[in-house]
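Shown next, in structure tokens, is the structure this report addresses.
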Amino acid sequence: MIVLHHCHQTRSMRVLWLLNELGVEFHVTPYAFDKSLRSPEFLSRSPAGRVPALEMDGETYFESGAIIEILCERFPDRGLGRLAGDLDRPDWLVWLHFAETITQHSAALTQQHIALYDDAMRSPVVMKLEAARLKKCYAAIEGRLSTPVENRDYLLTSGFSAADIAVGQAVYQARFFAKLDDFPETAKWYERITARPAFREALPREGAGIYTQDFYPAWET
């Protein structure tokens, strides 16, 4: 049995989405986004106290990008990875790990808007800088999707893959802080991939996630 240790609306959501796409049997162990992630039991699975952690074949793995690679190699017949020797393998790796570039800015904004308990600790300057950096990330995706290649519906020319899952989940989280209004190709791609049933199944039930608003604007100084 595969076991995913998961918090809603965090990096572990991309692994949950992937597991749904793979169509394999798995179990989800949910956690609150709080100090329970620092318990000795959880730290034995993920030493930095972060989700996801994944148990499979008697081993435990952490780091979402690595877990996605491991799962795609474990289930190559599902076609969501690009294995060594595939022409799209380099691009698959680049976009898979670009998800973390996006998410680091969303994580900083989640801390600013949600995790800090005292308004005096929040910085409007940091909020504006990080939101602007998210839009730079959107611009990179927009450039990729605007490349004149036939049937550019996904990040890879060979079609939908775990790279779309990783980057798509990162954009899902980023949209709480930076809108896609100026990025039409990215918006169409995002709408396309999030219409997939596997994505819908990875969403938290109402009231179970980290974010209580649809959008968190940067504070004005």
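The values are calculated or read from the model by the stated rules, or taken from the named source; none is laboratory data. Please read all numbers here as calculations on a predicted model, not as lab measurements. All Cβ positions, even for glycine, are placed from backbone atoms using ideal geometry, and neighbour counts span all protein chains on display. These area figures cover heavy atoms from the full protein model, side chains too; ligands, DNA and RNA do not enter into them. Shrake-Rupley method; radii C 1.70, N 1.55, O 1.52, S 1.80 Å.
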The range 114-126 - residue that is touching a residue at least 12 places away in the same chain (Cβ under 8 Å) and among the aliphatic types (A, V, I, L, M) and, of those, most open to solvent (accessible area, probe 1.4 Å): Val125
Failed item, numbered, when Leu19 is tested on (1) surrounded by 17 or more Cβ atoms within 10 Å (Cβ to Cβ); (2) in contact with a helix residue (DSSP H, G or I) (Cβ under 6 Å, 6 or more places away or on another chain): (2)
Residue list for the range 55-75, filter: closer than 18 Å to Arg11 by Cα and surrounded by fewer than 17 Cβ atoms within 10 Å (Cβ to Cβ): Thr60, Ala66
Every residue from the range 22-54 that is closer than 20 Å to Ile114 by Cβ, among the hydrophobic types (A, V, I, L, M, F, W, C) and open to solvent by 50 Å² or more (accessible area, probe 1.4 Å): Ala32, Phe33, Ala48
Members of the range 1-44 found to be among the charged types (D, E, K, R), within 12 Å of the chain's Cα centre (by Cα) and assigned to a helix (DSSP H, G or I), listed by number: Arg14
Residue pairs meeting the criteria (Cβ under 8 Å; at least 6 apart or on separate chains; first at negative phi and buried (at least 23 other Cβ atoms within 10 Å of the Cβ), in the range 100-113; second basic (Lys, Arg) and modelled with pLDDT of 95 or more): Thr103/Arg11; His105/Arg133
Filtered residues of the range 76-99 (kept if open to solvent by 20 Å² or more (accessible area, probe 1.4 Å) and either among the hydrophobic types (A, V, I, L, M, F, W, C) or not in a helix (DSSP H, G or I) (or both)): Gly79, Leu83, Ala84, Gly85, Asp86, Leu87, Leu93, Val94, Trp95, Phe98
